[in-house]
Amino acid sequence: MRLEKAKQEKIKEIVEISKRAFDSDVLVGGAENDGPPDYDSIEWHEKMLEENHLFQAMEEDVIVGGAILFLDETRTKLFIGRIFIDDKYHRNGYGKALMASIEKMYPTVKTVHLDTPTWNVRTNSFYKNLGYIKEKQEEGFVFYKKVLSR
């Protein structure tokens, strides 16, 4: 898998993948059609693309998922705004491959931060299994951090 800046002509496909991925959260305790803010918005994804935060996860020539990434000014901290894998590729190692790609993408990053809803058993377990440590829990979210060994 490779992670690359999203392409403008692929925005609609990326949004469709985001919608399918987050809509599948109903299987792990989420409410129907209740993904993160703007997960199904073409305009919002276009804004993320313009601001260089939107990435597409590729397996050969197929988009299997995406990520919204925010690098701080010092280039030592990365915040993962969200990741998503098309629901038809769930449980095939693409999520782990995507996270590994993200962690390798910025060689100056020392810590990676992210959050996920407390109710989402799938994502909380996933991040813990990848070595992310719970920093805090508030307002329905668990906040994780991982220190990268370089």
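The values are calculated or read from the model by the stated rules, or taken from the named source; none is laboratory data. Source: prediction; values computed, not measured. Methodologically, a virtual Cβ is constructed for each residue, glycine included, from the backbone with ideal geometry; neighbour enumeration extends over all protein chains shown. With ligands, DNA and RNA removed, areas are computed over all heavy atoms of the protein, side chains included. Shrake-Rupley method; radii C 1.70, N 1.55, O 1.52, S 1.80 Å.
Observations
- Condition check for residue 113: modelled with pLDDT of 95 or more, farther than 13 Å from residue 3 by Cβ and part of a strand (DSSP E or B): yes
- In the stretch 135-145 there is no residue matching the filter, namely being among the small types (Gly, Ala, Ser), in a loop (DSSP other than H, G, I, E, B), more than 15 Å from the chain's Cα centre (by Cα) and at negative phi.
- Within the stretch 50-81, the residues that satisfy the criterion of being in contact with a Ser or Thr (Cβ under 8 Å, 6 or more places away or on another chain) and among the charged types (D, E, K, R) are 75, 77.
- Extreme residue, nearest to residue 90 (Cα to Cα), among residues of the stretch 1-21 that are open to solvent by less than 30 Å² (accessible area, probe 1.4 Å) and part of a helix (DSSP H, G or I): 21
- Within the stretch 96-125, the set of residues being open to solvent by 50 Å² or more (accessible area, probe 1.4 Å) and among the aromatic types (Phe, Trp, Tyr) comprises 119 only.
- Top-ranked residue of the stretch 27-46 - restricted to ones that are farther than 20 Å from residue 115 by Cβ and open to solvent by 70 Å² or more (accessible area, probe 1.4 Å), ranked as modelled with the highest pLDDT: 43
- Restricting the stretch 68-93 to residues that are in contact with a helix residue (DSSP H, G or I) (Cβ under 6 Å, 6 or more places away or on another chain) and not hydrophobic (A, V, I, L, M, F, W, C), the residue that is surrounded by the most Cβ atoms within 10 Å (Cβ to Cβ): 86
- For the stretch 41-57, a residue qualifies if it is more than 14 Å from the chain's Cα centre (by Cα) and of a type in the set (A, V, I, L, M), and the qualifying residues are 42, 49.
- Checked against the criterion of being of a type in the set (A, V, I, L, M, F, W, C) and touching a strand residue (DSSP E or B) at 6+ places or on another chain (Cβ under 8 Å), the stretch 20-38 has at least one qualifying residue.
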